[in-house]
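Take a look at the structure below.
The values are calculated or read from the model by the stated rules, or taken from the named source; none is laboratory data. Small disclaimer: the values here were computed from a predicted structure and weren't measured. Here the Cβ positions follow ideal geometry from the backbone for every residue, glycine too, while neighbour counts run over all protein chains shown. Please note that ligands, DNA and RNA were not included when accessible areas were found on the heavy atoms of the full protein model with its side chains. Shrake-Rupley method; radii C 1.70, N 1.55, O 1.52, S 1.80 Å.
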Amino acid sequence: MRWTALLVLLAGCAHAPHDGFAFGVMGDTPYTEGEVRRLDSLIGDMNREPFAFVVHLGDIGSSVTACDDAWLQARKAQFARIKHKLVVIPGDNEWTDCKDPAARLAAWRRLFCDVPLEVERQAGEFCEHIRWTAAGFLFVALNVAGSNNNVRNAAEHRHRMAAVYAWLDDSAAAARDRGLGLVILMQANPFIILPRDGFAELRERLERLSRVRAWAVMLVHGDTHTYHDDEPMPGLRRLETWGSPIVSYIRGDIDHGELTFTLPRVR
């Protein structure tokens, strides 16, 4: 199903989308040394694309490797070969699945919170909560992680999700006021409810947003490593990227207000 900001424009948008705009999105890679080598080849493919930016949706290593400073620093160096502006979102393998989640998230932030885009950033500690405008859409990044969104740590979960909901609500209002479509970027698949559901309130908010602004809201995530381009709830388009053992990226194109995705070469 194809998704377009045209309905938003008909509702009175003041900002017409730019034509011929492309970006890349990927996630859940590299997990192994073999995938590191394949990612090197994939970066060469991406560098030949006319991307305005690339988003990595998190899990830049497995739960065995990604809790380590050396692995994160190696990925930082590897990602520096991407000639496009890069945004990285934290995944569960980098922090919530580690022995000391707070220390690991702090380590991740030191390496990846600074981005080469002009962004708006949520005030406070969650430097990973950013948003930026491109081609008639507002892209908003959220720290929502897999493994049930760390719901087992009730205090951390409540504190972080309060910031997530505040940033999502503010971004949705900003997109509406500016006449923009809304693209929500995060690592977790919020439609996974077992063994514990850490996403119920988030799904309720997505449902309300989708009902109020049908076809003007899109969710892009990784986490479960299986490509989806579908409608998990009425009015909400969802894109999930492939993940390990598949090393790939997806190309997003915006043309005349329409956002389409294609799956280029897989390494």
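One residue alone among L206, L182 is touching a strand residue (DSSP E or B) at 6+ places or on another chain (Cβ under 7 Å), in a strand (DSSP E or B) and open to solvent by less than 10 Å² (accessible area, probe 1.4 Å), and that residue is L182. Within region 182-205, the set of residues being of a type in the set (D, E, K, R) and closer than 25 Å to I250 by Cα comprises R203 only. Pull up region 213-236, narrow it to residues that are open to solvent by less than 10 Å² (accessible area, probe 1.4 Å) and in a strand (DSSP E or B), then point me to the one that is nearest to N93 (Cα to Cα). Only one residue fits best here, namely H221. Residues that are open to solvent by 50 Å² or more (accessible area, probe 1.4 Å) and in a strand (DSSP E or B) were ranked within region 237-257; the one that is nearest to G61 (Cα to Cα) is R251. Look through region 156-183, keep the residues that are free of Cβ contacts under 8 Å to residues at least 60 places away in the same chain and farther than 15 Å from H129 by Cα, and return whichever of them is nearest to the chain's Cα centre (by Cα). Ranking the qualifying residues of region 156-183, first place goes to A175. Among the residues making up region 68-111, those that are open to solvent by 40 Å² or more (accessible area, probe 1.4 Å), assigned to a loop (DSSP other than H, G, I, E, B) and closer than 16 Å to A145 by Cα are D97, K99, D100.
Do you know which of the residues in region 44-64 that are polar (S, T, N, Q) and modelled with pLDDT of 95 or more is surrounded by the most Cβ atoms within 10 Å (Cβ to Cβ)? Give the steps one after another, and end with the answer.
Keep residues of region 44-64 that are polar (S, T, N, Q), which gives 47, 62-63.
Adding the requirement that they be modelled with pLDDT of 95 or more leaves 47, 62.
On the way: N47: 13, S62: 18.
Per the criteria, the residue is S62.
If I ask for residues that are more than 22 Å from I193 (Cα to Cα) and either of a type in the set (D, E, K, R) or part of a loop (DSSP other than H, G, I, E, B) (or both), which ones from region 126-155 would you list?
Going through region 126-155, the residues more than 22 Å from I193 (Cα to Cα) turn out to be 126-140.
Of everything in region 126-155, those that are more than 22 Å from I193 (Cα to Cα) and either of a type in the set (D, E, K, R) or part of a loop (DSSP other than H, G, I, E, B) (or both) turn out to be F126, C127, E128, H129, R131, A135, G136.
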